[in-house]
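The values are calculated or read from the model by the stated rules, or taken from the named source; none is laboratory data. Predicted model only: the values in this text are computed from it and were never measured. Methodologically, a virtual Cβ is constructed for each residue, glycine included, from the backbone with ideal geometry; neighbour enumeration extends over all protein chains shown.
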Amino acid sequence: MQEDVKKEILNTHILKEDFSKYKLLSPLLEIHDSPKSIYIKSKDKKALENILNKNIDGVDYKILTIVGSRKNSAYGREALEYLLKNLAGKNIIIVSGLALGIDSLAHNNALKNDLLTISIPGSGLGTKVIYPSANINLSEQIINNNGILLSEFEEEMKSQLYFFPARNRIMAAISDAVLIVEAGEKSGTLITARLAMEYGKNVGVIPNNIFAEGSLGSNELIKSGASPVTKVEDILEMLNISLDGQGLLDLDFNKESDREKLKNILDQMSDNERKILEKIIQSGSIEKDILLQDLEKEYSLNYTDALVSLMSLEINGFVKEELGEIRIVK
């Protein structure tokens with residue numbers, strides 16, 4: 001990692017061979033056409049390390065990428081404001097692309113609610129080339145509030161049309177979940193959503209008016225398997241953050257207190273529910289058909305009984321089915 005300080009801003013260049021050292025960047029190694037290097041602007045070394053490690057003062061943070069239309073509606077603005085206001089205080093870092101419309105609203109509302117934010121513009125990070133130029137002041141606010149600017153393009157590289165779909169793969173890859181606010185039928189936002197699905201990320205969409213042109217793409221994504229997001233709890237589920245801030249997958253079973261929490265949860269379940277939940281915890285996520293087959297082989301649990309118990313776990317908010325896979329949500 002090569003560093004130099006210029007005009008009180010920390011400029012950092014990280015080569016692909018070093019991505020694995022950082023929790024934020026390591027997912028980039030798993031995608032097709034991984035960036036050769038990443039350029040970052042930050043306030044100082046501490047702000048940079050916090051975000052690269054997705055950890056602040058010993059607390060792990062989740063990455064929520066938010067994208068949407070450049071010509072957002074009043075509804076899109078209000079929905080986003082409402083959701084981010086209710087995410088205030090959560091261990092979440094907001095990622096977006098610095099574009100006009102929903103991207104700008106995502107960054108601004110993150111700052112307003114004291115949420116860290118990462119901007120990934122479709123250009124280099126130099127003041128003379130950052131795109132759009134109308135958001136230069138916003139980019140400075142992001143840095144001054146301990147966020148970062150990130151790009152695979154060199155400092156003075158001007159924006160080009162193909163840079164935008166290219167940067168979308170980075171936003172999708174580094175995320176833990178992606179939220180689509182508004183997207184038209186041929187919106188570039190759909191690229192981010194499709195890539196996120198391909199990378200195995202949870203994708204949520206704010207449902208919208210079926211007659212609104214700016215929501216045609218959004219509503220199609222829901223039909224394709226993305227999760228409808230109507231309240232902040234839906235976002236926390238996508239990020240595997242429970243209302244008290246800790247999910248089942250975040251429990252440290254080496255700690256007696258966490259083992260006790262799990263025991264109390266399991267004690268409230270039927271024998272079949274316990275077997276199913278333990279199986280899903282071991283797998284992290286598992287295809288529904290494979291899960292039901294394994295339960296029959298290992299426990300002689302017939303299809304109907306297993307399905308009823310699985311539905312009970314889903315109704316009570318412990319697991320969720322998404323794109324044919326079952327995963328823990330809290």
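So here's what we get for this one:
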| read-out | value |
| --- | --- |
| Checking residue 224 against (1) farther than 30 Å from residue 187 by Cβ; (2) at pLDDT 75 or above, the condition it does not meet | (1) |
| Failed item, numbered, when residue 124 is tested on (1) touching a residue at least 60 places away in the same chain (Cβ under 8 Å); (2) over 21 Å from the mean Cα position of the chain (by Cα); (3) part of a helix (DSSP H, G or I) | (3) |
| Condition check for residue 96: free of Cβ contacts under 8 Å to residues at least 60 places away in the same chain and of a type outside the set (Asp, Glu) | no |
| Test: residue in the stretch 95-111 that is modelled with pLDDT of 95 or more and over 24 Å from residue 163 (Cβ atoms) | yes |
| The stretch 160-206, residues that are farther than 16 Å from residue 223 by Cβ and in contact with a Pro (Cβ under 8 Å, 6 or more places away or on another chain) | 167, 170, 173, 174, 188, 191, 199 |
| Output for the stretch 4-43, where each listed residue is polar (S, T, N, Q), in a strand (DSSP E or B) and either in contact with a helix residue (DSSP H, G or I) (Cβ under 7 Å, 6 or more places away or on another chain) or outside the structural domain of residue 97 (by TED's automatic domain parsing) (or both) | 12, 37, 42 |
| Leading residue by the ranking (nearest to residue 92 (Cα to Cα)) among those in the stretch 1-42 that are among the basic types (Lys, Arg) and at pLDDT 95 or above | 23 |
| Residues located in the stretch 116-169, provided they are at pLDDT below 95, surrounded by 15 or more Cβ atoms within 10 Å (Cβ to Cβ) and small (Gly, Ala, Ser) | 122, 123, 124, 126, 159, 166 |
| Restricting the stretch 170-219 to residues that are in a loop (DSSP other than H, G, I, E, B) and among the acidic types (Asp, Glu), the residue that is modelled with the lowest pLDDT | 185 |
| In the stretch 220-234, residue farthest from the chain's Cα centre (by Cα) [restricted to those that are assigned to a loop (DSSP other than H, G, I, E, B) and not aliphatic (A, V, I, L, M)] | 224 |
| Residue in the stretch 309-330 that is nearest to the chain's Cα centre (by Cα), counting only those that are surrounded by 15 or more Cβ atoms within 10 Å (Cβ to Cβ) and of a type in the set (S, T, N, Q) | 312 |
| Index of the failed condition, residue 301 passing every other in (1) assigned to a helix (DSSP H, G or I); (2) farther than 25 Å from residue 202 by Cα | (1) |
| So residue 220, is it surrounded by fewer than 21 Cβ atoms within 10 Å (Cβ to Cβ) and among the charged types (D, E, K, R) | yes |
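Residue by residue, here is whether (1) assigned by TED's automatic domain parsing to the domain that holds residue 171; (2) small (Gly, Ala, Ser); (3) in contact with a helix residue (DSSP H, G or I) (Cβ under 6 Å, 6 or more places away or on another chain); (4) not in a helix (DSSP H, G or I) holds:
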residue: 72; (1), (2), (3), (4): yes, no, yes, yes
residue: 81; (1), (2), (3), (4): yes, no, yes, no
residue: 90; (1), (2), (3), (4): yes, no, no, yes
residue: 94; (1), (2), (3), (4): yes, no, yes, yes
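Here is a yes/no grid of residues against (1) touching a residue at least 12 places away in the same chain (Cβ under 8 Å); (2) farther than 21 Å from residue 121 by Cβ; (3) not charged (D, E, K, R):
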| position | (1), (2), (3) |
| --- | --- |
| 10 | yes, no, yes |
| 20 | no, yes, yes |
| 29 | yes, yes, yes |
| 33 | yes, no, no |
| 36 | yes, no, no |
| 42 | yes, no, yes |
| 51 | yes, no, yes |
| 62 | yes, yes, no |
